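Comments concern the structure below.
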Amino acid sequence: MVKKAELEILEEIAPNTFMIRYDDKKFLATKSRSKPHYGEKKYAEFREWIPYRSKLAAMILNGYRIKLKPDMKMLYLGAASGTTVSHLSDILEEGVIYAVEYSARPFKKFLELSMERRNIIPLLKDASKPEEYAGIVEKVDFIYQDIAQKNQREIFVKNAEFFLKENGEGLIMVKARSIDSVAEPSEVFSRFLSEMEENFTILKHGKLDPFHKDHIFVHVRL
């Protein structure tokens, strides 16, 4: 761990989220009182946010920003072992993250994170069946989804119908090869965006290269 005086804050991007320079290295980080979770380095109170491990970090480093407030209520679909959730927990320090994961193996590590963070509620559930956790999750301001399945749009839409507040926003990370392994990614994305417009207003979309090939983010409002 290095001394705080050796760090230079270049830009504040969101609550507790900064571009940092240390020596010749420039990187994204969240301010955190917690220990590292997935092998990332910690510089004083700043945890490095690695874009190759987090599509949200990749989106931010590609220049796109979303407005996140410390007291937001968020539903996170596809939490895996909690890499991105851990950084969102730093950002939404006064809010709550309802985090859904279906696979028991990564969920075990995710549980360790949730025991350390008071604003994370872990749910070992199938995100395609939001009725199974409707008694736990309240109406939320934001839905974040990172699920590499063919029916990822349907999962997002269904959860939004259950939980997203009016004028609430969402962010979905789309993997072309999970939807159609044969078609060109550009064709998959065009079709996906057209279908999303049936339910949402699309605020922005963009690629996640070079960090995640054949992926896009789609930012929407209900």
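Read-outs throughout are calculated quantities, based only on the coordinates presented, and are distinct from any laboratory measurement. What you see is a predicted model, and the numbers here were worked out from it, not measured in a lab. Cβ coordinates were reconstructed from backbone atoms using ideal geometry, including for glycine residues, and neighbour counts include every protein chain displayed.
The mean of 1/r over all pairs of different alpha-carbon atoms in region 4-50, once inverted, gives a Kirkwood hydrodynamic radius of 10.6 Å. Here the Kirkwood formula puts the hydrodynamic radius of the chain at 17.8 Å, using every distinct Cα pair. Candidate cross-link partners of K150 among the aspartates and glutamates, defined by an alpha-carbon separation under 16 Å and a same-chain spacing of 8 or more, comprise D126, D180, E184, E187, E195, D214. Please return the longest stretch of the chain lacking exposed loop sites, where GluC sites (Glu not before Pro) count only if DSSP places them in a loop and at most 13 other Cβ atoms lie within 10 Å. Value returned for the longest uninterrupted segment is 1-93. Shape analysis of region 79-165 places it in the oblate category; the axes a ≥ b ≥ c from the Cα gyration tensor give an a/c of at least 1.5, with a/b not above b/c. Restricting the trypsin sites (Lys or Arg not before Pro) of region 160-217 to loop positions (DSSP other than H, G, I, E, B) with no more than 14 neighbouring Cβ atoms within 10 Å leaves K213. What is region 132-222 by shape, rounded, prolate or oblate, if you read a ≥ b ≥ c off the alpha carbon gyration tensor as root eigenvalues and call it rounded for a/c under 1.5, prolate for a/b larger than b/c, and oblate otherwise? Note, shape of region 132-222 comes out prolate. Loop-located trypsin sites (Lys or Arg not before Pro) in region 48-86 (DSSP state not H, G, I, E or B) with no more than 11 neighbouring Cβ atoms inside 10 Å: K67. Between L193, L208, L171, the Gaussian network model of the chain with springs among Cα atoms under 10 angstrom shows the greatest mean-square fluctuation at L193. Between region 75-98 and region 160-222, the alpha-carbon centres lie 20 Å apart. Anyone know which of D146, D24, D180 comes out most mobile in the 10 Å Cα GNM of the chain? Among D146, D24, D180, the largest mean-square fluctuation in the Gaussian network model of the chain belongs to D24.
Anisotropy class assigned to region 166-213 is oblate, per the alpha carbon gyration tensor with a/c at or over the 1.5 cut-off and a/b no larger than b/c.
At 222 nm, what helix-only mean residue ellipticity would the chain give, in deg cm²/dmol to the nearest 500, using -39500 (n - 2.57) for each DSSP H run of four or more? Kindly include the intermediate steps, with their values, before the conclusion.
Working: 6 runs with 57 residues, N = 222.
The helix contribution divided over the chain gives -7500 deg cm²/dmol.
Among the chymotrypsin sites (Phe, Trp or Tyr not before Pro) in region 18-77, those placed in a DSSP loop whose Cβ has at most 12 other Cβ atoms within 10 Å are Y52.
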